[in-house]
Amino acid sequence: MPEVTEQTHKAAEQAVESPLRVGLIGLGSMGRHHARVIRATEGMELVAVADPGGDRFGAAGQLPVLPDVHALINAGLDAAMVAVPTVYHEEVALALAEAGVPTMVEKPIAHSVEAGERVRDAFASRGLVGAVGYVERCNPALRALRERLDAGELGQVYQVLTRRQGPFPARISDVGVVKDLATHDVDLTAWVAGSPYVSISAQVAHRSGRENEDMVVASGRLANGVIVSHVVNWLTPFKERVTIVTGEKGAFVADTLTGDLTFYANGTVASTWDQIANFRGVTEGDVIRYAIAKREPLALEQEHFRDAVRGVASDHVTMAEGVNTLRVVEAVLDSAAQGRTVEL
């Protein structure tokens, strides 16, 4: 007979618990997807939505569209999802913290590090679950990559390289490509490699006539010695989402558009030429594309948040992690503006 543990009891209790009453504020391009996923997630019930700009995608369904976060809170919530423009994250999140509502905020946590720290501290001081929506951590390719790195299948990790390119998204109006897209790469790189950034250097460009930057190239180093590189822009006519991790046994390539993970093993280089015999080069060896289960990342992200709210062990991204990522993101912008490497 299997042993009955405290975790087993928690799982049994969770099965009979009433669904969490969830409120959503922000019904734009991301909010509409959150509305759909919350409705489809076991143990969650979407009971209220709010957006002062209305519901252009019809995400509310039969629910009335409330005018602001205070009306949302008055609906009586067990948890909330914040998908408003970045500039409003702090204001909305602080109101939810004051009301005692566990909350997940779409990335980045706020418009500035100082604002992010205020949000983080507001939830921490009240003992509330606070999460940040870095959905790439729930991508099947990156989760499989992280598991294989943790198992030592690549040996020592040398480098993490990311490319995130594509056309300009009409949904963005308040931030540039660094805070909108590069923030994903900063978060996933530190998570995949299991180490924080210690330095970053970057160049940005403004090529589309908008106030904020639309291209960035950044390079840096993590505390464990891994070097990193990020190419991110809104001006490439094709969409690319690739993470390449190179190490002593080869390289993993994670394509987060398709959810595929491929391993390129090192071949061997034999040399009898004395002058170069000490150089440890590699050639391409076996190539393996793994068969992995593929779930919608947003669905897994909502499950992680649900579990965290219920007190079950969860892989949600904490607000402290969200602030750390934002600190690196701001260092990217500072480096580009000042023309120097920023130490973190």
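The values are calculated or read from the model by the stated rules, or taken from the named source; none is laboratory data. Since we're looking at a predicted model, the values are computed, not measured. Note: ideal-geometry Cβ built from the backbone for every residue, glycine included; neighbour counts use all protein chains shown. The protein model used for the area step is the full one, side chains on, heavy atoms only, and it has no ligands, DNA or RNA in it. Shrake-Rupley method; radii C 1.70, N 1.55, O 1.52, S 1.80 Å.
Working note: Cα gyration tensor of segment 116-210, eigenvalues times five, square-rooted, sorted largest first, giving semi-axes of 25, 23, 14 Å.
What do you reckon, how do Ile73, Ile227 stack up by accessible area (1.4 Å probe), largest on top?
Descending order: Ile227, Ile73.
Counting every C-alpha pair in the chain, the share spaced more than 36 angstrom apart comes to 25%.
In summary, segment 26-184 shows an alpha-carbon radius of gyration equal to 1.15 times the 2.2 N^0.38 Å reference for compact globular proteins.
Note on Ala313 and Ser18: with the Förster distance fixed at 22 Å, the Cβ-Cβ geometry gives a FRET efficiency of about 0.55.
Computed from Cα atoms, the angle from the helix 89-98 axis to the main principal axis of the chain rounds to 50 degrees.
The slack in the chain from Glu114 to Gln156, taken as 0.36 nm per residue of separation less the alpha-carbon distance, amounts to 11.6 nm. When nucleic acids and ligands are ignored and a 1.4 Å probe is applied, Thr246 ends up with an accessible area of around 50 Å². His33 sits with roughly 70 Å² accessible to a 1.4 Å probe, with DNA, RNA and ligands left out of the calculation. The stretch between Asp121 and Ile227, if pulled fully straight at 0.36 nm per residue, gains 35.0 nm over its current Cα-Cα span. Between 0 and 90 degrees, the angle of helix 31-40 with respect to the longest Cα principal axis of the chain falls at about 80 degrees.
A full extension of the chain between Ile288 and Arg163 corresponds to an added length of 42.9 nm, given 0.36 nm per residue minus the alpha carbon distance.
Against the longest principal axis of the chain, how steep is helix 297-309, in degrees 0 to 90 to the nearest 10, with axes from Cα atoms? The helix 297-309 is inclined about 60 degrees to the chain. Counted by Cβ distance under 15 Å from Gly61, the other residues give a net charge of +1, where Lys and Arg count +1 and Asp and Glu count -1.
Bridges between two residues of the chain, per DSSP, are antiparallel at a rate of about 60%. Between Phe57 and Arg295, the modelled label-to-label distance comes to 2.1 nm, taking each label 7 Å out from Cα in the direction of the beta carbon. Can you give me the P(r) profile for segment 8-106? Cα pairs, bins 5 angstrom wide beginning at 0, each as a whole percent. In whole percents, the pair-distance histogram is 3, 14, 26, 25, 17, 8, 5, 3, 0. Computed over protein heavy atoms with a 1.4 angstrom probe, the accessible surface ordering of Leu27, Leu333, largest first, is Leu333, Leu27.
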